[in-house]
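The values are calculated or read from the model by the stated rules, or taken from the named source; none is laboratory data. What you see is a predicted model; the values in this text were computed from it and never measured. A quick note on method: Cβ atoms are made from the backbone with ideal geometry, for glycine too, and the neighbour counts reach across all protein chains shown.
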Amino acid sequence: MAKLFLGLDSSTQSLSAVIIDADRRKVVYEKSLNFDQALPQYGTQNGVLPNADPLVKHSSPLMWAEALDLLFSEMKKDGVPLGQILAISGSGQQHGSVYLNNKAAKILANLNPTQSLVENLHGVFSRKTSPIWMDSSTAEECAEIRTKLGGIEATAKATGSDAFERFTGPQIRKFAKTEPAAYMKTSHIALVSSFMASLLAGKIAPIDHGDGAGMNLMDIRKKVWHPDALAATAPDLKQKLPPLAESWKVVGTVSPYFVEKFGLNPKTQTIAWSGDNPCSVIGLGLIKAGMVAISLGTSDTYFGSMKQCQTDAHGEGHVFGSPTGDYMTLICFKNGSLAREKIRNAYGIKDWKKFGEALTATPPGGNGGILLPWFEAEIVPRVNKPGIHRFDLDEKDAAANCRAIVEGQMMSMRLHSLWMKVAPDCIYATGGASDNVSLLQVMADVMNCRVLRTEVSKSAALGAALRAAHGWLVHAGQKPKWEDVVAGFTKPIPGSEIRPNPKAAKVYDQLIEKYARCEREALKRLS
Ligand code: XUL
C-alpha cells in the first residue's frame, strides 16, 4: 500500500492540499481553494475582511474552518484514498491569532459529523475575527513591549525579533487593552497553524517552535515561553497559551469527525502544524545552513536556514525555529505580489507576460529611476504611512515603472539582508510570481548570484506533507534524516538556472547606494 502523507496550507488567500507518496517520492495530488471565490459569503478581499482603517487587517477563523470542510469534501469527490493517509500536518500564514473561550476544548473533543465545522464551532470564539500578518495597527503596543524588554536589540535577542506590528504578542496586547472583557473570556489563544491543527485533532494543539518564534513571546534560545515577554504583553497570558512543541510532535490521531465524515483512518496522526515560512524551508529542501530562498507571494519573503541562533541587532530581520530543530532567518516585505499587481493594473497591462515584456523594454538600472512601492504599510523598512515614492522616475512611463517596482523590491531585499552576513551562492525562487523569468533575471542581477526555479509551486503545503512524513517516522521510533525525507521532492527545474548578467550586476552595485539614499529620504519625509 502506498505511504501517503497530506500537507495542508492555510494561507492568506487560500487553503491548499498536497499529498505525497513517500515510497514513489512523488506528489500525487494537489488542490487549492481560493477563499474569496469559494466562500464569498465571508466578504473577504484577497482573504482579508474589509476595514475602514487601512492598518487593520483581520480575517475570519470560521472561514478557515469552513474551507477545511470544503477541501476534504472536494478530496473525497476527487476519489482521493483518504483512508490511506498515514499522517497529516499543515502550514499556516504566520502570526495570525484565534481567540477561543472556555467551551472550546469540550466542543473540539465532540465535533458532530452530522453538522458542519461552522455549526460545531458556534459559540467557541471570544473574538469573532482574527488579526493576521498584514495588520500594522499595533505600533503603540510594539513600543510598549520593546521598552519593557530593554530596546530593539534586547527584544530581538530574547524573542528572535524586535517587536513587530503583525507579531502575535503585540496583537494580543492590543486586544487585552482595547477589549479587556473579551480578553478575560479568552481561555485559549491559538495561531492560525495551531487552530487548524486543533480542528483536525479535536483538541487544543500545541504551537511549534517555528511558528511560536513569530509571536515575540518565545525565548528563541531555550524554546520556552519567555517570562519577561509574557509579562510585558498581557495579564495571565501563560495560562491562555498552549504548550510549545517540536515541529514533529504528534498532536493526536485525527478527530472522529473526519473519520466519519470523510473516511479518514482513525489511526491517521495529526502532526503539529507550523508557519508557512518554516514549512517552505522544508518544501524547498533548505536543510543546510546558508541555503536561501525568495518567495514571491502576497508578501515577498527572503529566508534561509541557520545553525546557530544569531539575531539582527537592528531588528529588521527575524529568527524562527526551523522544523529541522535548527533555526531559520526571514525578512518579510509586505508589498510583494499585490504591489506588483497594482502597478500592472495602473498601466492597464493585461497579464504577467506583458508585464515582463514591459519590464525588459527599459535597461537594467532603469536610467536611475527608483520606485518605493509602499502601497500598504511596509514591514521592511518599517513604514506606517502607505504611499508610493518615485525618484527620477516619470510616473507616465509604464515600462519604466514596471522595471522600477521589481528593481526596488530586489534592491530592498539585498540591502536589508546584509545583516545575515552570508552572501547567497544561489537562490531558490518560489511563490506565484516565480514563473516570471524577467522578474527572476532582475533578482539574479541585483543579488549577483544564480537563481534556480523549483518544480515545487506549493512549497509550504509540500513542506507540511514532508513534515507529516518525518513526524510519522519519528513516532514509529525511526531516526529519519532530513536529507532522506526531502530527497527527490525538491529538485530545481532542469535548465531553469538564471545567471546574473555581469554588466547589469555592476549597474546594481552602484545603484544600490542611490536606492539606500532614496529609502532614507522617503522615511525622513514620513517621520
Ligand atoms: C512572515 C509573514 C508572512 C506570512 C505570510 O513573517 O508575515 O510571510 O507568513 O503568510
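Here are the numbers:
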{"quantity": "Selected residue (criterion: farthest from CYS279 (Cα to Cα)) from residues of the range 3-53 that are among the charged types (D, E, K, R) and surrounded by 15 or more Cβ atoms within 10 Å (Cβ to Cβ)", "calculated": "ASP36"}
{"quantity": "Matching residues in the range 452-481 - criterion: being in a helix (DSSP H, G or I) and hydrophobic (A, V, I, L, M, F, W, C)", "calculated": "ALA460, ALA461, LEU462, ALA464, ALA465, LEU466, ALA468, ALA469, TRP472, LEU473, VAL474"}
{"quantity": "Residues of the range 482-522 satisfying the condition of being part of a helix (DSSP H, G or I) and within 28 Å of the chain's Cα centre (by Cα)", "calculated": "TRP482, GLU483, ASP484, VAL485, VAL486, ILE512, TYR515, ALA516, GLU519, ARG520, ALA522"}
{"quantity": "Lone unmet requirement of (1) within 19 Å of the chain's Cα centre (by Cα); (2) free of Cβ contacts under 8 Å to residues at least 40 places away in the same chain; (3) crowded, with 23+ Cβ neighbours inside 10 Å for ASP326", "calculated": "(3)"}
{"quantity": "Considering residues of the range 411-451 that are among the polar types (S, T, N, Q) and not in a strand (DSSP E or B) only, the residue nearest to GLY285 (Cα to Cα)", "calculated": "SER434"}
{"quantity": "Number of the exception - ALA245 against (1) among the hydrophobic types (A, V, I, L, M, F, W, C); (2) crowded, with 24+ Cβ neighbours inside 10 Å; (3) under 29 Å from VAL281 (Cα atoms)", "calculated": "(2)"}
{"quantity": "Count of residues meeting criterion [buried (at least 22 other Cβ atoms within 10 Å of the Cβ) and of a type in the set (Lys, Arg)] in the range 390-448", "calculated": "1"}
{"quantity": "Tally, over the range 363-382, of residues that are within 16 Å of the ligand (Cβ to nearest atom) and in contact with an Asp or Glu (Cβ under 9 Å, 6 or more places away or on another chain)", "calculated": "5"}
{"quantity": "Residue list for the range 21-52, filter: within 22 Å of LEU82 (Cβ to Cβ) and charged (D, E, K, R)", "calculated": "ASP21, ASP23, ARG24, ARG25, LYS26, GLU30, LYS31"}
{"quantity": "Residue within the range 324-346 that is away from the ligand (no atom under 14 Å from the Cβ), under 29 Å from GLU246 (Cβ atoms), at pLDDT 95 or above and not hydroxyl-bearing (Ser, Thr, Tyr) present", "calculated": "yes"}
{"quantity": "Some residue of the range 334-341 being surrounded by fewer than 21 Cβ atoms within 10 Å (Cβ to Cβ), touching a Phe, Trp or Tyr at 6+ places or on another chain (Cβ under 8 Å) and at negative phi", "calculated": "yes"}
{"quantity": "Residue in the range 470-477 that is on the phi > 0 side of the Ramachandran plot and either modelled with pLDDT of 95 or more or of a type in the set (Lys, Arg) (or both) present", "calculated": "yes"}
{"quantity": "Enumeration of residues in the range 347-356 that are surrounded by 14 or more Cβ atoms within 10 Å (Cβ to Cβ) and not aromatic (Phe, Trp, Tyr)", "calculated": "ILE349, LYS354, GLY356"}
{"quantity": "Among residues of the range 103-147, those that are crowded, with 16+ Cβ neighbours inside 10 Å, more than 14 Å from HIS188 (Cα to Cα) and charged (D, E, K, R), counted", "calculated": "4"}
{"quantity": "Residue list for the range 247-268, restricted to those being assigned to a loop (DSSP other than H, G, I, E, B), among the small types (Gly, Ala, Ser) and over 20 Å from GLN115 (Cα atoms)", "calculated": "SER247"}
{"quantity": "Enumerated helices (runs of 4 or more DSSP H) restricted to the range 95-194, each holding at least 2 residues that are more than 16 Å from the ligand (Cβ to nearest atom) and either modelled with pLDDT under 95 or within 30 Å of ASP300 (Cβ to Cβ) (or both)", "calculated": "139-149, 152-159, 168-178"}
{"quantity": "Test set (1) within 28 Å of HIS314 (Cα to Cα); (2) more than 16 Å from the ligand (Cβ to nearest atom); (3) touching a residue at least 12 places away in the same chain (Cβ under 8 Å); (4) assigned to a helix (DSSP H, G or I) - LEU200 fails condition number", "calculated": "(1)"}
{"quantity": "Filtered residues of the range 269-281 (kept if touching a Phe, Trp or Tyr at 6+ places or on another chain (Cβ under 8 Å) and crowded, with 24+ Cβ neighbours inside 10 Å)", "calculated": "ILE271, ALA272, GLY275, ASN277, PRO278, SER280, VAL281"}
{"quantity": "Some residue of the range 424-441 being of a type in the set (A, V, I, L, M) and at pLDDT 95 or above", "calculated": "yes"}
